[in-house]
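Written below as structure tokens is the structure these notes are about.
The values are calculated or read from the model by the stated rules, or taken from the named source; none is laboratory data. What you see is a predicted model, and the numbers here were worked out from it, not measured in a lab. Cβ sites come from the backbone with ideal geometry, for glycine too, and all protein chains shown count toward neighbours.
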């Protein structure tokens, strides 16, 4: 019985495995072993993926710019505030278009608030709630209605801009250790006006004529 195993020709050299190929193969094996040993490596069903936040409306973003007086607000933060206010503020969806109709380009915030007050008290409350949300970074809840406050932003809260020249956002030590021991920056106010000198008091009696000598 003859052996059917094919013979390798003597002039054919076996494939040479280089050091580079060996390292690549070892890295691939380690990566695969780490992947399968990780309990989080299992693919999540599409239904359990985190839902994306609903995009905010341009009406709310424009209204936020006018009522706060800040034109550099982030659209992502505006969308989160709007979504939170739709949850926590009763009547938000109904009052937002009415308040937005009062917006005029370049209108001072105080004029917009005055127009809202003259139109409807509920519009004034909504305008103030929008300002409070942007300045505190939180949309307040109502315990009686079963809603909790929603924190939307922290470092972006507008209240920190007022003192940004001498105070950083709490927990952010941008000025080095013990920075609060240094003198605060000068306040940009006008110098006090020097008081005018008081007029000399009026004299009493009859003044002596010039050149007359007293005996």
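So the values come out like this:
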{"quantity": "So residue 98, is it in a helix (DSSP H, G or I) and closer than 21 Å to residue 150 by Cα", "calculated": "no"}
{"quantity": "Single unsatisfied condition, residue 155 versus (1) free of Cβ contacts under 8 Å to residues at least 40 places away in the same chain; (2) buried (at least 17 other Cβ atoms within 10 Å of the Cβ); (3) over 15 Å from residue 64 (Cβ atoms)", "calculated": "(2)"}
{"quantity": "Candidates 139, 189, filtered to the one that is at pLDDT 90 or above and either touching a strand residue (DSSP E or B) at 6+ places or on another chain (Cβ under 8 Å) or loosely packed, with under 12 Cβ neighbours inside 10 Å (or both)", "calculated": "139"}
{"quantity": "Residue count, the stretch 54-84 (criterion: assigned to a helix (DSSP H, G or I) and either under 17 Å from residue 109 (Cα atoms) or touching a residue at least 24 places away in the same chain (Cβ under 8 Å) (or both))", "calculated": "17"}
{"quantity": "Lone unmet requirement of (1) assigned to a loop (DSSP other than H, G, I, E, B); (2) farther than 21 Å from residue 149 by Cβ for residue 114", "calculated": "(1)"}
{"quantity": "Number of positions in the stretch 120-143 that are assigned to a helix (DSSP H, G or I) and more than 12 Å from residue 96 (Cα to Cα)", "calculated": "9"}
